[in-house]
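Beneath this line is the structure, given in structure tokens, with notes to follow.
The values are calculated or read from the model by the stated rules, or taken from the named source; none is laboratory data. Note that the structure is a prediction, hence the values are computed from the model and not measured. A quick note on method: Cβ atoms are made from the backbone with ideal geometry, for glycine too, and the neighbour counts reach across all protein chains shown. Please note that ligands, DNA and RNA were not included when accessible areas were found on the heavy atoms of the full protein model with its side chains. Shrake-Rupley method; radii C 1.70, N 1.55, O 1.52, S 1.80 Å.
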Amino acid sequence: MKKLKILITGGAGYLGSMLTTKLVDIGYYVTVIDILEFNKTSLSHLFVKNNFKFIKGDVRDKKLMTKQLKKNNIIIPLAALVGAPLCEKYPRKTFDINYNCIKFILSKIKSSQKIIYPNTNSGYGIGKKNKFCDEKSPLNPISLYGRTKVEAEKIILKHRNSIVFRLATVFGYSYRMRTDLLVNFLVNMAIRNKKITIFEPHFRRNYIHVIDVAYAFIFAIENFNRMKGNIYNVGLSNANLTKIQLAKRITKNIKGIKINLLKNKKDPDKRDYFVSNKKIEKLGFKTSVSIDDGIVELKNIFNIFNFKKNKNNY
Ligand SMILES: NC(=O)c1ccc[n+]([C@@H]2O[C@H](COP(=O)([O-])OP(=O)(O)OC[C@H]3O[C@@H](n4cnc5c(N)ncnc54)[C@H](O)[C@@H]3O)[C@@H](O)[C@H]2O)c1
């Protein structure tokens, strides 16, 4: 059993439930604080493990957070309102959870405690068509969601022992499922409607499987000293795909699906860029699930389950 103690806020979410499961399996002592806003059972399979503790609580509860922050070596703050539509609906709450709570965590932890933070890379290339982005490229988010994440990233980086990930669009099955993320959304649409409808087909972005996001966090924990103080893009380097290329990959893997192009509809999400993931790859990080394997996984799952959209989610 490894001795490190890890606190994950929002650990019952899409990324968190996968990451927590992997860390508990490896043998870390993991405490999760989550209000269980969405899936209530995404971590139920871990309650039998004696290196796992779940606290149903709110990251805005300063007393709870102060107590738990003292007990852990590594903090992974995932709790957030996620995605532009949800954040526009609850702006005050978004600012509190996505920014103020991060500020509070930083005010309470010692410089020796470690923090690993996930940002989104969605602000790269806003207004800069076909740009190739690395970690030096500025993020210019247009949504409240993106802005709170970027502001939180800035204060995180002032902490000596910090690592920031800028994640590509995540895909794949997780214990708390999200069907709003582009690959998951289009595969679900293909299975349900036997066609894929897309607009602004030449908008390009980068993708990463949720398991590989979990592996990236584990890689950061295990290589902390040589990674700290830095930002890393995390995505599949062979999957900088336009929407139409992605749609074609889906039709290659699922037979009998038509692609329907909407000519006049505009995408509010303006990202259109190639992302370089070389910085983390040079340190030895390797991804494990290709876009095609992820599409097949999602096809098999959506053929069996029909995930209902959560009204508070997106
Ligand atoms: N999924 C992606 O594509 C992606 C990409 C980049 C960055 N991120 C970041 O990763 C993190 C997790 O995203 P996700 O996709 O897993 O989202 P998610 O919505 O599935 O998970 C968020 C979790 O936080 C919990 N939560 C929300 N408010 C809380 C509060 N006040 N107190 C305690 N728990 C609270 C929710 O119950 C949920 O379980 C977020 O910080 C997000 O910005 C996600």
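Remarks
- Multiplying each eigenvalue of the alpha-carbon gyration tensor of region 138-186 by 5 and taking the square root yields semi-axes of 26, 15, 9 Å, largest first, rounded to whole angstroms.
- Within region 207-314, the proportion of C-alpha pairs whose separation exceeds 19 Å stands at 60%.
- Region 5-90, relative contact order in percent, only Cα pairs under 8 angstrom and at least six apart counted: 38
- Computed from backbone phi with θ = phi - 60° and the Karplus coefficients 6.51, -1.76 and 1.60, the 3J(HN,Hα) list for region 286-303 is 10, 7, 10, 10, 7, 5, 5, 4, x, 5, 5, 4, 5, 4, 4, 6, 5, 5 Hz; x is used for glycine and proline.
- Radius ratio Rg over Rh of region 7-136, counting only Cα atoms, Kirkwood formula for Rh: 1.00
- Working note: Karplus 6.51/-1.76/1.60 with θ = phi - 60° gives region 164-180 the couplings 10, 9, 10, 8, 5, 5, 7, 9, x, 7, 9, 4, 10, 7, 10, 9, 8 Hz, where Gly and Pro are set to x.
- Given charges at Cβ of Lys, Arg, Asp, Glu: region 121-239 dipole, positive-most of T197, F224, F132: T197
- Along each principal axis, Cα extent of region 152-265, largest first, Å: 51, 30, 24
- Taking every DSSP helix (H) stretch of at least 4 residues in the chain, weighting each as -39,500 (n - 2.57) and dividing the sum by the residue count yields a mean residue ellipticity at 222 nm of -10500 deg cm²/dmol.
- Convex hull volume per residue for region 39-111, taking Cα atoms only, in Å³: 111
- About the Cα centre, charge dipole magnitude for region 188-246 (Lys/Arg +1, Asp/Glu -1 at Cβ), debye: 260
- For region 1-109: accessible area per residue (Å², 1.4 Å): 46
- Proximal aspartates and glutamates relative to K5, as straight alpha-carbon distance under 19 Å, when same-chain residues fewer than 8 apart are discounted: D25, D34, E222
- When H45, H209 are compared by accessible area at a 1.4 angstrom probe, the order from most to least is H45, H209.
- Accessible surface, 1.4 Å probe, highest first, among residues T9, T287, T251: T287, T251, T9
- Percent breakdown of C-alpha pair distances by 20 Å bin, ordered from the shortest bin, for the chain: 33, 60, 7
- The alpha-carbon atoms of region 1-80 define a convex hull whose volume equals 78 cubic angstrom per residue.
- Accessible surface for region 225-268, divided over its residues, is 57 Å² per residue with a 1.4 Å probe.
- Heavy-atom accessible area with a 1.4 Å probe sorts L181, L23, largest first, into L181, L23.
- Three-way shape call for region 90-209 based on the alpha-carbon gyration tensor, with the a/c threshold at 1.5: prolate
- Relative contact order of region 93-227, pairs being alpha-carbon contacts under 8 Å that are 6 or more residues apart, as %: 26
- Remark: region 93-184 carries a charge dipole of roughly 240 debye about the Cα centre, counting +1 on each Lys and Arg Cβ and -1 on each Asp and Glu Cβ.
- Simple point charges give the picture: +1 on the Cβ of Lys and Arg, -1 on the Cβ of Asp and Glu, and for the chain a dipole about the Cα centre of about 360 debye.
- Taking all Cα pairs closer than 8 Å and separated by 6 or more residues, the relative contact order of the chain comes to 19 percent.
- Contour excess over end-to-end distance, with Cα ends at D134 and K252 and 0.36 nm allotted per residue: 39.5 nm
- Of all accessible heavy-atom area on the chain, the percent that carbon and sulfur account for (1.4 Å): 54
- Of K131/K255; K22/K308; K110/K154; K243/K299, pairs whose Cα-Cα distance is over 22 Å: K131/K255; K22/K308
- For T66 and N230, the difference between the fully extended length at 0.36 nm per residue and the C-alpha to C-alpha distance is 56.4 nm.
- For a label point 7 Å along the Cα-to-beta-carbon line of K108, residues of region 28-45 with backbone N under 15 Å: 31-35
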